[in-house]
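The values are calculated or read from the model by the stated rules, or taken from the named source; none is laboratory data. Note that the structure is predicted; figures quoted are calculated from it, not measured. Note that we place each Cβ from the backbone using ideal geometry, even for glycine, and neighbour counts take in every protein chain shown.
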């Protein structure tokens, strides 16, 4: 198997720059995701790898071979289209057989391979049905079989689960991972759904406005966002802007507008080290903040701030609290675990304490003046 | 139980309603289509007189149909219809495809351009063609001006002229149903085919063409049937050495000595040709699907 290498890919549509100077290397057998909001250039990038678009500048290599301007039918790359694009005039098995028929492989061999593929995606029983007669999830499986039968070096998946409902989506996600493990080829997965990208990928490229904002394993992207965009786009977060008051050993003291000072531990291995007076942003995930009406006694929490509960939203697996701390609003997720049996639920307007470890937050060397520290359920980007 | 009864009543009501809605058209078709055709069939079995008919049974008209003169007429009419249909498919398909892939706004303008000739009277358009292709017409003038020919070509009153004008007149009838069909094709299917290894030609042959065969079928019917009975175009631009079936029918009806039974028999002959052609087309249409399928898993 070969490595996919993108070198300085830029793509213009008229005067619009859809992809801007993207370079990346995708290892053989990797499950790699392009994640970003619609219009971020992820689909354009995928279409250039598939051969449907040619880059305005830059080069694409598959191993040592340059494939930049090779037509799609000459690339060892197959695509799962967003709407599956099954041929409506062909049955399930004929759809799967298409690629091999084009290659003029003997009929007996085609039949064998088609059956094998249909078995892989558990669609043997539907082989004589037409696409209009099968469900969305089944179409998805047929599309996968139709692509994989060509034994591509690369399988491209363009928002493959977008058309399915939630339960089926979760199911197909696991199935996709299983198929990836079974066939072992490189998958490139395009999605705007951060949940999908984080749960199945080996590595994720977060994209915005045609550029790769951050690239790395899902945990790294979630825990150590390198930019406000990454932090906001993936998961929920509290972004706190402030000025660095003090840098002492591994601790940073941050002065926020309208609130107490916060402390952060930083590790020079993966944090940037700010200077006193720098303006920075801190990303603090809501699930990392503890909330209680009692002030914690133990001193292992560096950050303990008093606040007032402003809003409570019960979400089944957890409850979301909006807590006013000075002029800031914090979003806090709390699971329904009680420490004491007779503990009472928190109520509106109640005075509470928020506390978190100094290692729970992540420092971002970027400030957006126009942005409020916390916005509920909105992405101001 | 009550539900079932209610359902039945509802169904009956719906049936009655659809009958009422369909009645005017059915009546129209019976009075103006079915009954006249029955009259034609009856007339074909009667005996002709110089002015009209005599009510005496005769098979004479049908015997005359196999006369080489008429067989030749059938042959040239059939040939004209086939050539026109095929030429319209080949000329119309790229146009329909081109329009179908344009943006909504451009599509509407282009479709309007296709329809605009209908705003001018059919006869006037044919006379315009006569002037255009005549010995000292624009076409010959242009060819001579360009130095391609020295003497004017004889185009008017040839089979070529008939075919050209037929194609011109019937092309929109091919383009419109083809466009309606191609427009509905999901063009990502072509990308899918290319992704799976088919080059442009193969993805056209294996995906686009099979998916547009309904349009080709509909367009062919719309062109072939009227083309088979062509009368006015051969009359105005054709050579009159031999006549097309439509022309013969017209002569036998209007010029004395009249022969209405023969005219009726000739039009029934055209009907048979149409039916034969429809069966052929249908068979071809089915075969295209079958061939595509190649009976993959026929154990079931």
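If you scan region B:263-283, which residues turn out to be surrounded by 12 or more Cβ atoms within 10 Å (Cβ to Cβ) and under 14 Å from the mean Cα position of the chain (by Cα)?
B:270, B:271, B:273, B:274, B:277, B:278, B:281
Can you tell me which residue is nearest to residue A:359 (Cα to Cα) among those in region A:295-313 that are surrounded by fewer than 16 Cβ atoms within 10 Å (Cβ to Cβ) and at pLDDT below 85?
Among those that are surrounded by fewer than 16 Cβ atoms within 10 Å (Cβ to Cβ) and at pLDDT below 85, it is A:300.
Could you list, in sequence order, all residues of region A:119-131 that are more than 15 Å from residue A:150 (Cβ to Cβ), more than 8 Å from chain B (Cβ to nearest Cβ) and surrounded by 12 or more Cβ atoms within 10 Å (Cβ to Cβ)?
Within region A:119-131, A:122, A:123, A:124, A:126, A:129, A:130, A:131 qualify.
If you go through region B:137-157 one residue at a time, do you hit one that is out of contact with any helix residue (DSSP H, G or I) (no Cβ under 6 Å at 6 or more places or on another chain), crowded, with 17+ Cβ neighbours inside 10 Å, more than 14 Å from chain A (Cβ to nearest Cβ) and in a helix (DSSP H, G or I)?
Yes: region B:137-157 contains one or more residues that are out of contact with any helix residue (DSSP H, G or I) (no Cβ under 6 Å at 6 or more places or on another chain), crowded, with 17+ Cβ neighbours inside 10 Å, more than 14 Å from chain A (Cβ to nearest Cβ) and in a helix (DSSP H, G or I).
Determine whether region B:178-194 contains at least one residue that is away from every other protein chain (no Cβ under 14 Å), touching a residue at least 40 places away in the same chain (Cβ under 8 Å), under 27 Å from residue B:230 (Cα atoms) and under 16 Å from the mean Cα position of the chain (by Cα).
Yes; the residues of region B:178-194 include at least one that is away from every other protein chain (no Cβ under 14 Å), touching a residue at least 40 places away in the same chain (Cβ under 8 Å), under 27 Å from residue B:230 (Cα atoms) and under 16 Å from the mean Cα position of the chain (by Cα).
Check off (1) in contact (Cβ under 8 Å) with a residue 24 or more places away in the chain; (2) within 12 Å of another protein chain (Cβ to nearest Cβ); (3) out of contact with any strand residue (DSSP E or B) (no Cβ under 7 Å at 6 or more places or on another chain) for residue A:152 and give me the number that stays unchecked.
(3)
May I ask you to say which residue of B:289, B:253 is touching a helix residue (DSSP H, G or I) at 6+ places or on another chain (Cβ under 9 Å), surrounded by fewer than 19 Cβ atoms within 10 Å (Cβ to Cβ) and either modelled with pLDDT of 95 or more or within 14 Å of chain A (Cβ to nearest Cβ) (or both)? Quick ask: steps written out before the conclusion?
Values: B:253 fails: either modelled with pLDDT of 95 or more or within 14 Å of chain A (Cβ to nearest Cβ) (or both).
Step by step, each of B:289, B:253 is checked, and only B:289 is touching a helix residue (DSSP H, G or I) at 6+ places or on another chain (Cβ under 9 Å), surrounded by fewer than 19 Cβ atoms within 10 Å (Cβ to Cβ) and either modelled with pLDDT of 95 or more or within 14 Å of chain A (Cβ to nearest Cβ) (or both).
Determine which member of the set A:112, A:175 is surrounded by fewer than 19 Cβ atoms within 10 Å (Cβ to Cβ), over 24 Å from the mean Cα position of the chain (by Cα) and farther than 18 Å from residue B:196 by Cα.
It is A:112.
Go through region A:298-337 and give me each residue that's free of Cβ contacts under 8 Å to residues at least 24 places away in the same chain and over 30 Å from the mean Cα position of the chain (by Cα).
Within region A:298-337, A:298, A:299 meet the criteria.
Consider region B:195-207. How many of its residues are buried (at least 18 other Cβ atoms within 10 Å of the Cβ) and more than 7 Å from every other protein chain (Cβ to nearest Cβ)?
2
Is it the case, given these coordinates, that residue A:60 is over 24 Å from residue A:165 (Cβ atoms) and away from chain B (no Cβ under 12 Å)?
yes
In region A:64-100, which residues are in a helix (DSSP H, G or I) and surrounded by fewer than 21 Cβ atoms within 10 Å (Cβ to Cβ)?
Within region A:64-100, A:73, A:74 qualify.
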